[in-house]
Amino acid sequence: MRNIVSFTLNGKAVELQNPDPTQTLLNWLRQSRTLTGTKEGCAEGDCGACTVVIGDPNATPTWQAMNACIVFLPTLDGKTVITVEGVAKDGNLHPVQRALVEHHGSQCGFCTPGFVMSLYAHYRNDGAVDEETLNDVLAGNLCRCTGYAPIIRAAKAMYDYPKVEEIALTAATKQDTLALSMTDPLTGTKKQYFAPQTLDALAALYTDHPDATILAGGTDVGLWVTKKHAVLETLIDIGRVAGFAEIAQDKNKLSIGAGARYANAYAALGNLHPTLGEMVRRIGSTQIRNAGTIGGNIANGSPIGDMPPPLIALGAILVLRKGETRRRIALEDFFIAYGQQDLAPGEFVEAVIVPKPDPSTRFAVYKISKRFDQDISALCGAFFVRLQGEDVSEARFAFGGMAAIPARAKAAEAALIGKAWSETNLRAAMTALAQDFTPLSDMRASADYRLQAAQNLMWKFYLGEDAPYLAREMHHG
Amino acid sequence: MAKFQSVPHDSAHKHVTGEAIYVDDLPCLPGLLHLQPGLSTRAHAKITKLDLSAVRAAPGVVCVLTAHDIPGTNDVSPTGTGDDPVFAGDEVVYAGQAIFAVAATSLAAARHAAALAIIEYEDLPAILTIADARAAKADLEPEQLMFMGSTEESLRFAQHVIIGNLRVGGQDHFYLESQGAECIPGEDGDLSITSSTQHPSEVQHLIAHLLNKHSHDVRVHLRRMGGGFGGKETQAALIAAMTALASHKTGRPARLVLDRDDDMVMTGKRHDFEIDYKVGFDDRGQLSGIYLDLASRCGCSMDLSAAINDRAMFHADNAYFLNNADITSRRFRTNTVSNTAFRGFGGPQGMIAIERVMDAIALHLGKDPLEVRKVNLYNKMGRDFTPYGQRVMDNVAPQIIEDLEARADYAARRAAVRAFNASHKYVRRGIALTPVKFGISFTTTFLNQAGALVHVYADGSVHLNHGGTEMGQGLNTKIAQIVAEEFQIDFAKVKITATDTDKVPNTSATAASSGTDLNGMAAQRAAQTIKSHLADFAAKEAECAAKDVIFENGHVRAGAKEWTFEALVKAAYMARISLSSTGFYATPDIHYDREKHTGKPFYYYAYGAALSEVEIDVLTGESKILRVDIVHDVGKSLNPALDIGQIEGGFVQGAGWLTCEELVFDDQGVLRTHAPSTYKIPACSDRPDVFNVTLYEDGENTKDTIHKSKAVGEPPFMLAISVFSAITDAVASVGNYKTLPDLHAPATPEAILRAITALQQAGET
């Protein structure tokens, strides 16, 4: 066991003994290191002004843009951290920086360091510079001045400039398990942090500390700290658990370790269905998908998490583990009520197993939000039917944003099962949907819209190949 | 030397390396206090209990500030209306209003402590919406009327009369740098404040009043803001005032940089409007007259609402001759955050009203909306008077529209859109071309003044200072170009320095798109004064006339003599010649009688036009901008790259206002969209797929502005009205172009689907 967090910052070694485990990288950079180039725009991972690049030889891709505002310091252990101050070398601007200057890609300049870092990660990963890719690379960086056009022009030109020397990746060394402990100066609370390295160690640790907060990507937990100012006493970071992010598949099913990040599960999920790939692509942003995990999106039980509806529709099974014991439940049964999941103290989500759709099935998932990219769903609808001849033998319609939990539309499904896959029956199922849900009105949408759009999404699903799509949607596969 | 060139933003190399300094990047001085305000959670209530003992006792707390700690006037209202207290007294008038602030040794300590306050309220009746305010007759000032001709008569004889309405949502500025300030106390009770503000002089004056000091005791300065857009014109004073009060009370430096959520609930936004019209027109769609009522939600105080709503009235004609018009304006007081300046300053809301009328007329007559727009444009045949009596003398809207139509192939593309819609049931396209005519000048005439201060050091390097503020628009770059051009020296020889009330006093806000027009002229005059000293000196040395001294390309020639600029400056210094000067400019030839709403409030107009093509999903209401073409008039451009940057950026910001950006207050008056997770400004993929921006080739200001350029900050914002009209066109296709869709802004998926559904249901009955 070790209580020293070590990483490199802009090429220099850093060692921190028992740091506050929930101190964010952003605050540490700005307050302790006076590296003020990295900006706070929102402190919730939504604007990208705090984007830094984290190099990790074990990660794919190696160079990851991350929101420093919701990265906790200990999670950097063994990694290579580069901030905007580390990009230029001896006053020579990096190609990304030169391109932004010469294409007039900055106006007020406050978001600019974040854009530099998102593009820098992309540059170092040898990423493509077509507009569709760039839209995705930059979806998590908000700019209020430029309208993005000159930034895209700069990004397209970034490979045209001569290369400069760049900070090298630090080889990660296999080290002892990290265990930190300190006392919060404001509240007097004792704060602990553990980073187990095996699944068994995680299971044992969580059994011993059932009140601990499990920390995966921090895309939600980070906000408890930065926005709710919560004091988290015990954190168990699952980021170093070997094999926890594994994605495996056979002919019939896909198995995703709960620690798999969106960015890494994207391809496998996209292979199940192009609309599922598009859904994953639209979750958060590059920075968020580099951090957030599939397991976290399920385990936190949000009614508007985007993974549960399509996974429920596909009939996914959760593998839950407590100590040495594992059990399997249908994903839809995991969600009991708002904020309440079928999880015993000390029990955690280990994996999700997704049956692959076969040729006798139809599937699609749709997300509606006020903004197309990097928004939280007002409504998410996922649809699965199995056809025997003309008739529907199996139907699972799952929605997010329609109830306090992600939930199936049982009445709508019942209206179709055993009946012909026809316009008339589908219309009847759309009508029946009104019995399934009494959605809320909130800042994302009204109850009326949610219900009407949910019904229309069913129709969209029925249209299949003829379903409308806007020019902006990517069609994979 | 740098005139008319696309010099990159002077700070670009610092933006990309993180070296550009904003308020929160200042080094932390020893003893620095961090502030956190405590906010009202109620829209309108009496404070029955305010127990701050736990706040005071919390670790790291140095002091807690309330209204009782203010020695002078507890008010930061920009026009002296006395209704913008720094801290609420016994009553709160909006959810988000500051009640107290904690000053502590760390930000974490301040935030931890602020949460410990015990506040009890007795709710009072709250007026939250325009409808509430209308019912309660809660006007901030009397209804205003601007009129021309006899509208009643014109409608009586009109071939067609239609009525309609439009609701237009507000908008949060969402500058990436939230509001912030830092105060450092000095001797004699002096205070030096770094404020992220568009209006340093106002911050200075208000803090002097707040603390019973004189303006000469308070210095306000800033190098740059991380975005402003109007949001830091008046709102910055509140934040700066808190830091000044903390420094005043403790003698320690104090900093407050708002958390994003606090910023969004505490500070004002664009006014939301409800618009009603009754318009008469002939078979060609030409207006005979119009009744237009513009009602806005101003929030809990006056702020700049009078001038903003005036500007809405001024732009309710846009580029069109209204013939006869009664434009009424109601300015409603509500228990919501006080709305404030935002790029366009009411102009966008007035302009979208008349553009909606154009769309309504076109659908009523079954005509191409562009034909209707064209037939109503101002022209010389006696159709060049605005409703406020100013003649439109510099009209280039017809030429710009013609240019854009040809460039962007309007007719063929409109036909293609119609053909697309005929063969697609669930995806529909829409297209629209709308013009912009925007009046340039503060309509409050005295504000149209500016000062500058230029030093030439003995080594020939130049120090430039002026009263304008840099918020990203490139103002400093343009003004440095102007000064470099005047002296005929390299751009790099001109040092741009922080805006500072110690250098240029009594400045106006950098607002109303006027930054370059006013400060550029003042800086040019300062440079000209120094140049005349140099010319006199050179003439004497060369024994020629001063008028024959030529400054060119880094050199000065007089008679047979020639110097480098540096050599002449050195020689002049040795000869004891003054090498420093102020410059001053006041816009000529403008006047306005606000009582009657007549006069000549604008020095000139800026013009532009945009053609937008969009696509909507009929099942969900989602939309996408496919292509945008713009021709915009910036006169003779001082810097084409910066001007195009303002056009692209303004357009996308305007498109956000009309599509994805929605402010939602709940039924208790609490803002529910107070962070980027819930309030969605356009992201990268929301910019148009094809985005062609052209500066109007024949552009040249007919007035004697700085190098014949035109203001560019605000006008392009309103080009985005073409997006709303294009969405309207797409939705109208669902009703076979027979009916004006009941579409309101912002055109969120929900708003679009509602409008579609209404058309479908009307079609069924």
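Each value in this text was obtained by applying a stated rule to the coordinates, not by laboratory testing. Values in this document were obtained by computation on a predicted structure and should not be read as measured data. Backbone-built Cβ (ideal geometry, glycine too); neighbour counts: all protein chains shown.
Data for the structure
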| quantity | calculated |
| --- | --- |
| Reach of B:Lys561 by Cα under 16 Å, taken over lysines that are not fewer than 8 positions away in the same chain | B:Lys540, B:Lys547, B:Lys570 |
| Loop sites in region B:109-175: chymotrypsin sites (Phe, Trp or Tyr not before Pro), DSSP, at most 14 other Cβ within 10 Å | B:Phe157 |
| Long-range HN-HN contacts of A:Thr213 with modeled amide H, under 5 Å | A:Thr234, A:Leu235, A:Ile236 |
| Two-site FRET efficiency, B:Asp704 against B:Ser150, from Cβ-Cβ distance with R₀ of 45 Å, rounded to 0.05 | 0.75 |
| Rg/Rh for region A:361-474, where both radii come from Cα atoms and Rh is the Kirkwood radius | 0.96 |
| Residue exposure sequence - B:Asp75, B:Asp317 - by fewest surrounding Cβ within 10 Å | B:Asp75, B:Asp317 |
| Which of B:Met521, A:Met430 has the fewest Cβ neighbours within 10 Å, and the rest in rising order | A:Met430, B:Met521 |
| Ranked list, fewest to most other Cβ atoms within 10 Å of each Cβ, for A:Glu85, B:Glu486 | A:Glu85, B:Glu486 |
| Total formal charge among the other residues, if their Cβ is under 14 angstrom from that of B:Pro398, Lys/Arg +1 and Asp/Glu -1 | -3 |
| Distance violations [Cα-Cα > 32 Å] among B:Lys269/B:Lys478; A:Lys251/A:Lys322; A:Lys227/A:Lys251; A:Lys191/A:Lys370 | A:Lys227/A:Lys251; A:Lys191/A:Lys370 |
| Kirkwood Rh and Cα Rg combined as Rg over Rh, evaluated for chain B | 0.99 |
| Calculated on alpha-carbon atoms, Rg and Dmax of region A:247-355 in Å | 13.1, 37 |
| Cross-link reach list, lysines versus B:Lys249, counting only Cα pairs under 23 Å and skipping chain neighbours closer than eight places | B:Lys213 |
| Extent along principal axes [Cα atoms of region B:599-672; Å; largest to smallest] | 47, 34, 26 |
| Residue-wise HN-Hα coupling along region A:15-32, computed from phi with Karplus coefficients 6.51, -1.76, 1.60 (Hz; x: Gly, Pro) | 10, 10, 8, 6, x, 4, x, 9, 5, 7, 4, 4, 5, 5, 4, 6, 8, 8 |
| Two-decimal Rg/Rh across region B:639-697, once Rg and the Kirkwood Rh are taken from alpha-carbon atoms | 1.14 |
| Over region B:9-98, volume per residue of the alpha carbon convex hull, in Å³ | 193 Å³ |
| Shape call, region A:178-237: gyration tensor on alpha carbons, a/c limit 1.5 | oblate |
| Mean separation of Cα contacts under 8 Å (6+ apart) over length of chain B, as relative contact order % | 15 percent |
| When the convex hull of its Cα atoms is projected in every direction, mean area for the protein assembly as shown (nm²) | 47.8 nm² |
| Alpha-carbon centroid distance for the pair region B:594-670 / region A:89-139, whole angstrom | 26 Å |
| Mean separation of Cα contacts under 8 Å (6+ apart) over length of region B:449-586, as relative contact order % | 36 percent |
| For region B:11-21, 3J(HN,Hα) per residue [Karplus equation, 6.51 cos²θ - 1.76 cosθ + 1.60, θ = phi - 60°, Hz, x = Gly/Pro] | 9, 4, 5, 7, 4, 7, 9, x, 7, 5, 9 |
| In region A:121-206, the GluC sites (Glu not before Pro) that fall in loop regions by DSSP, at most 12 other Cβ within 10 Å | A:Glu165 |
| Stokes-Einstein translational diffusion, region B:449-586 - Kirkwood Rh over all Cα pairs, 1.002 mPa s, 20 °C, in µm²/s | 143 µm²/s |
| Cα-based convex hull, chain A, per residue volume (Å³, whole number) | 146 Å³ |
| Calculated SAXS-style log₁₀ I(q)/I(0) at q = 0.17, 0.23, 0.25 Å⁻¹ - region B:144-229, Debye, Cα scatterers | -0.79, -1.11, -1.19 |
| Amide H contacts of A:Gly55 (H built 1.01 Å from N, under 5 Å, at least 5 apart or other chain) | A:Gln64, A:Thr80, A:Val81, A:Ile82 |
| Alpha-carbon centroids, region A:245-294 and region B:205-278: separation in whole Å | 45 Å |
| Angle between chain A longest axis and helix A:199-208 axis [Cα atoms, degrees, rounded to 10] | 90 degrees |
| Degrees, to the nearest 10: A:112-124 long Cα axis against longest axis of chain A | 80 degrees |
| Separation between Cα centres of region B:122-151 and region B:1-75, rounded to whole Å | 33 Å |
| Residue-wise HN-Hα coupling along region B:706-711, computed from phi with Karplus coefficients 6.51, -1.76, 1.60 (Hz; x: Gly, Pro) | 4, 6, 6, 7, 10, 5 |
| Amide H contacts of B:Asp10 (H built 1.01 Å from N, under 5 Å, at least 5 apart or other chain) | B:Thr477 |
